[in-house]
1. For chain B, what does the relative contact order come out to in percent, with C-alpha contacts under 8 Å and a separation of six or more?
2. Please compute the volume of the convex hull spanned by the alpha-carbon atoms of segment A:102-186 and report it per residue in Å³.
3. 7 Å from Cα along Cα→Cβ at both residue A:205 and residue B:68: what's the point-to-point distance in nm?
4. Antiparallel DSSP bridges in chain A: what percent, to the nearest 5?
5. How long, wide and thick is segment B:188-323, going by the Cα atoms along their three principal axes, in whole angstroms, largest first?
6. For chain B, rounded, prolate or oblate, judged on the Cα gyration tensor with a ≥ b ≥ c (square roots of eigenvalues), a/c < 1.5 rounded, else prolate if a/b > b/c?
7. Could you tell me which of rounded, prolate or oblate describes segment A:1-87, using a ≥ b ≥ c as the square roots of the eigenvalues of the alpha-carbon gyration tensor, with rounded for a/c under 1.5 and, failing that, prolate when a/b is larger than b/c and oblate otherwise?
8. Using only Cα atoms, tell me the angle between helix B:238-265 and the longest principal axis of chain B; keep it within 0 to 90° and round to the nearest 10.
């Protein structure tokens, strides 16, 4: 276990697991919420695009100055929060070089959006013109303020939708891609680990049975292995995923049912080489039962190898899950990396040139797989030191 | 039993399993086939008649026998979604899938073998390290991700290749223009599959070649003063050939699975995407037929590989007991 700390894959897995456990708690909004305009760029890209801004005007601080250095915002919304009643006040916008413009009355429950036709008409705009482009036509200093009037307790929230948001931008529904990315780790980890664990259990028990019992059990099991290995896997998985439902656990179960063959072969050959070893023969001569020999002597022998095959089996399960989700055969409510790529492919990320929806989930899958391969290789070398010498 | 009887009966067994699986799977799918084609307001008599038309009133074993018979004669019934015979739909798609998989498999296998041999000859060189890395990367990069990136870079951002489809709409007139357009549309999918595939081949060939080159008979051949080229081709490569064929055989199911994803990414007119559309649209006859065809392709290639194997390695034709 000492050498494990020197592997990059181990630390990579530790970091990703922590991120998976923390999950959406790292973000203010839930990953399913719309936070900004669709296909917003990452915040560090495109300085000419405005970020999303939210201004809050109250009776105590009735005005806010906006140093606007960007192209017009992609959207504008305004709403009155909290108990305000009928104040008789108005929200005013002072633009550079033009008289103040009354935007909206401060009235309890009032809400308006830049796309509303009624709102545009109240501003005297033609119904087909973009309100935000009209209100913020150029760079300069804008002042939003409340006109004088009686005091009130609520607040007026003015929100300017930007063209960039967060670390990784937003997707076609305006969700935070960084939050989606972090939430997606969990799905890959759960499905990968659970499927690999189940497949190892299945493969071990069947491999033990085939290797130790021999005879027709061995023949039947090995024929089944050959059969399963010669059927194209993905079509079967697709049919099963469509049939058994698309939940995470069902998916892991389906994947494990079709990936135990390698483990079974490994365990079988190991048992075959051990079965006739003198110490096993000795045990048999002492009258030990088959169950006892299997449980206390043969099974422990396979443990180091099993740990390695299990770890090396995780990437396969992760890739299969991602592939199925990419084909759109996963639960649409569950956010996963494959699902993100599916949505990027089918909902116009290409037309928008939104590469930030493509690169993070894809590299995420690859890095996770490489990390598991790295740790698996280490475990394999620990189980069989001959591999280490052969490597140099 | 002779070698061939064993091989053929094995293939028939796989095919039988596929048929049974097919029959069971698509009948367990949610939704009765009848309910998907008819109005819920139909009278019970009409419903019963429809069940008769589809043969759903007969016992299960009779349905299965009928299913096997019609499937083996390539009569796949009528698609629920399009209302056209499935066989017609598939006929136009099979050549596309075969062209995609055949070309990319050939390219990646030959490129991988060449690079792997080179790497084995130059141990410790930069080339060898590159081969080892490309192998590790190709195992852990999801195929659709690489393809999406290629598509975005070489078709969307830099429009060198078409974004989707197997042919332009409308297809160009004339034989040459048509062929050129087809190749143009196929180039990026084949390129991506080759990129994804060659690394695994190269790493395998390299490992195998290193092992074979350490054998005594290679040392002997060198001691006899045979030319280097002859040792490589006649001794090293000849010894590896059967194993390489097995590798080809083992990689086929995965390659066929890759067709579904590749055809989805590039919106190609092929069997794989047909299968996906059928599965998501609960189109049982179509899904069953596509699945059967993909399995048949795998089984047929398996048999072909066995045939080649027996040619390049005469030992396998002998009975196990005689050996």
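Computed from the coordinates by the stated procedures, all read-outs in this text should not be read as laboratory data. Please read these numbers as outputs of a predicted model, since none were measured by experiment. Note that each Cβ is placed from the backbone with ideal geometry, even for glycine, and that neighbours are counted across all protein chains shown.
1. Relative contact order here is 27 percent.
2. About 169 Å³ per residue, rounded to a whole number.
3. 3.1 nm
4. Once the DSSP bridges in chain A are tallied, antiparallel ones form about 95 percent.
5. 66, 40, 17
6. The shape class here is oblate.
7. Note, shape of segment A:1-87 comes out prolate.
8. It works out to around 40 degrees.
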